[in-house]
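The structure under discussion appears below in the form of C-alpha cells.
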Amino acid sequence: MVRKPAAFISTISDERGAELLYAGMSITDVFKEDIGVGGVISLLWFKRRLPAYACKFLEMCLQLTADHGPAVSGAMTTVITTRAGKDLVSSLVAGLLTIGDRFGGALDGAAREFSRAKDTGLTPREFVDSMRRANKLIPGIGHKIKSKANPDMRVELVKDFAKKNFPSVEMLDYALAVEDVTSSKKDTLILNVDGCIAVCFCDLLRNSGAFSREEADEYMQIGTLNALFVLGRSIGFIGHHIDQKRLKQGLYRAEQSDIFIEMGNTGISDRVVVRPS
C-alpha cells in the first residue's frame, strides 16, 4: 500500500471524533471548566492551557482594543465601505487592511525592539539614542492626543493589571524607563496602548512558566501580538458596519474643501481646490 503524504498539517483542532477538540480539550470541557474566550485563545493560538491571569489578560486586550472611535483609519474605511453598499465581510476586511505599521500594527514591532534593546543590555537612554541615530521611530511610543499629563486610561489599566498579577514585569519596567526619556523631550511621547500591551505580553510569554524562551521568542516573531489587535478591533469594525446600516447612511463623498488638487504645469488652474484656512 502506497501512503499518500498529507497536503496539510494541523495541530490545533480536531472534529473527527465524538466531539470537537481544541488542542486536545473537548468542547464539553471548554464549557464545563468555563475557560472563556481567553482560554479558547490559549488553546487555539498557543496549544496549551494558560494560567487564569493570562487568559484574563488576553480578554482584557480584546476589550481594550475593540474600538477607538470612528475617526481612525480602519473604522473610517469600514464606514465608507459600508456606505458604498458593501456587505459586512467586505466592510470588515476593508478596515482590517489598513492595519499596519502606522495604524494598529505596532505590537509585534514594539515587542521586538524593546526586547532586543533590553536583551543586548542597552540602557533606556542608549536605546532611544540608537533609534534616533538610525532615524527610526520607536514602535509603541507616542500618541497624538494623550500625554504624561493626560494619560490614556487603557494604558493605566494594562499596567495596573500586569503589576498586580504577572510574576515579573521587567519588560514593562524597561519600557516605562524608556518613556521617561522620550517624554522628557515631548510630553506626548508616552508608552501607548500598543506598546504597553506588547511589553506586557512579552513579560507574559517569558515569565508565565508556560513557554520556553525559544517558544516565547518565536511567538513574538510570527505575528501573534498583532493578532490580538486584529481580533479585538474586528469587534469595533463590525459595530461600525452595523451602526451605519442601522442609520441607513448613504454613499459618502468627500467635501471638495478637504482636498487639495495640484495639477502641476497643465494649466488647469480652475480645478485646484484650496483648503480654507
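Please rank MET220, MET171, MET153, fewest neighbouring Cβ atoms within 10 Å first, as an exposure proxy.
So the ranking, lowest neighbour count to highest, is MET153, MET220, MET171.
Once you have a ≥ b ≥ c as the square roots of the Cα gyration tensor eigenvalues for the chain, tell me rounded if a/c is under 1.5, and otherwise prolate or oblate according to whether a/b is larger than b/c.
Verdict is oblate for the chain.
By how many nm would the segment from MET76 to ASP34 lengthen if fully extended, with 0.36 nm per residue of separation less the alpha-carbon distance?
Between MET76 and ASP34, full extension yields an extra 11.5 nm.
Note down the nm distance, to one decimal, between modelled labels 7 Å out along Cα→Cβ at ARG48 and at LEU157.
2.8
I need LEU225, LEU96 ordered by Cβ neighbour count within 10 Å, fewest first.
By the 10 Å Cβ count, ascending, the order reads LEU96, LEU225.
Please give the FRET efficiency for ARG116 paired with SER147, using the beta carbon to beta carbon distance and R0 = 22 Å, rounded to the nearest 0.05.
0.25
Run the quick spin-label model on ARG125 and LEU251: label points 7 Å from Cα toward the beta carbon, then report their separation in nm to one decimal.
Roughly 6.0 nm, to one decimal.
Could you give the length gained on full extension between SER26 and SER13, defined as 0.36 nm per residue of separation minus the Cα-Cα distance, in nm?
Net length gain for the segment: 3.7 nm.
Note down the net charge around GLY239, summing +1 for each Lys or Arg and -1 for each Asp or Glu among other residues with Cβ under 13 Å from its Cβ.
With Lys, Arg at +1 and Asp, Glu at -1, the neighbours total +1.
Checking the cross-link filter: which aspartates and glutamates have an alpha carbon closer than 13 Å to that of LYS159, excluding same-chain neighbours under 8 positions apart?
Correct list for LYS159: GLU170, ASP173, ASP194, ASP203.
Could you list THR11, THR182, THR188 in order of exposure, starting from the residue whose Cβ has the fewest other Cβ atoms within 10 Å?
THR11, THR188, THR182
Check which residues have an amide H placed less than 5 Å from THR188's amide H, if you skip close sequence neighbours.
Those lying under 5 Å, H to H, from THR188: there are none.
Along Cα→Cβ, 7 Å out, is where each label goes; now give me the distance between the ones at PHE103 and ILE235 in nm to one decimal.
Placing both labels 7 Å along Cα→Cβ, they lie 2.0 nm apart.
Rounded, prolate or oblate: which fits region 50-199, taking a ≥ b ≥ c as square roots of the Cα gyration tensor eigenvalues, rounded meaning a/c under 1.5, else prolate when a/b beats b/c?
Because a/c hits 1.5 or more and a/b exceeds b/c, region 50-199 counts as prolate.
Need the full-extension length gain, ARG213 to LYS56, defined as separation in residues times 0.36 nm minus the C-alpha distance. One decimal, nm.
In short, 54.3 nm is gained.
As a test of the formula, what do you get for the chain when each DSSP H run with n ≥ 4 contributes -39,500 (n - 2.57) and the sum is divided by the residue count, at 222 nm and rounded to the nearest 500 deg cm²/dmol?
-17000 deg cm²/dmol
Can you give me the long-range amide H partners of ILE141? Hydrogens built in the peptide plane at 1.01 Å from N, cutoff under 5 Å, separation of 5 or more residues or another chain.
ASN192
Read-outs throughout are calculated quantities, based only on the coordinates presented, and are distinct from any laboratory measurement. In this text the structure is predicted, and so the values were computed from the model without any measurement. Please note: Cβ atoms are built from the backbone with ideal geometry, for glycine as well, and neighbour counts cover all protein chains shown.
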